[in-house]
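*Asks:* Structure provided below as structure tokens; questions to follow.
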Amino acid sequence: MRRTPPFPRLCLLAAAAALFQLLAAPAQACSVADSYRVPTNVELAADAEIILLARVESGTTGTAHPNITMTVTPIELLKGRLPMDKPLTLPGAIAEPRFALLSSPLELEQAHPLAYIGSCTRFMFVRGATVLFFLNPIEKAMKGRQVPAPIRGMLVPAGSAFSRWAEDVLSAGSPWVRATRTYIAAAALPADRQKAMLVAERDRFRAAADQESRVVADDIDRQLAGPNKPWNQLMQEAISKRKSRGQGSPDPLRGN
């Protein structure tokens, strides 16, 4: 299998596909270098210039259309500044019924199941869903490469392959939003102060004792544990465990 760089060859710039042939089509599978690590949630919060809670309103359906875009209505801006243009358009498509799956509200570690098929990043969404988006200007995503005039200033997914750049939430008080607020605050601190802040927040959530607070505390523990293992190593470990139990390869759409 041919290896691609850590920056995913997905439909990251799908909304610009009709204007500029930069990336592979959404249906093309991607792979990552052996050294690639999925960013932790703290790293994702630090990398994103804009973190936005928004409702998915409309867009192209499926992924066959050459210009995959969707319109969202901002609900709350957690980080950064939004462009003044209205309505706000982001890369993504309205999911066909078989892919109309919402994120699990208590899952804060893995990305949406659709991030593990096709192009390594989620690009299909449920109409009407509330989603927490981690975004960057296309200029940052292009890492110094020239950006064509028609798509300058465009917002695209932050993070990289298999990251939690766009997860459905039930409300502004959902566990993923609460955890993200913590990570935004931690990322803004000097490195030598982050750990103490995360430990204090972990203990505060743990003391609350309700299930949603516990899952936030558990996710903070994962951030404190440090960088994720290389992705290909994690996959090999998962495959080995399943084989030892007499099971097949993992199926993200079935939650295994």
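*Asks:* How much length is gained if the chain between residue 104 and residue 239 is pulled fully straight, taking 0.36 nm per residue apart and subtracting their Cα-Cα distance, in nm to one decimal?
*Replies:* So the chain would gain 46.3 nm between residue 104 and residue 239.
*Asks:* Check the straight Cα-Cα distances from residue 229 and name the lysines below 17 Å, setting aside those fewer than 8 residues away within the same chain.
*Replies:* 241
*Asks:* Label points 7 Å out from Cα along the Cβ direction at residue 117 and residue 204: separation in nm?
*Replies:* Inter-label distance under the simple model: 3.9 nm.
*Asks:* A further question on this structure: Say R0 is 35 Å: what FRET efficiency, to the nearest 0.05, do residue 145 and residue 232 get from their beta-carbon distance?
*Replies:* Given R0 = 35 Å and the Cβ-Cβ separation, E is 0.85.
Each reported figure results from applying straightforward, stated rules to the coordinates on display, with no laboratory input. Predicted, not measured: the structure shown is a model, and the values here were computed from it. Don't worry about glycine lacking a Cβ; one is built from the backbone with ideal geometry, like all the others, and counts go over all protein chains shown.
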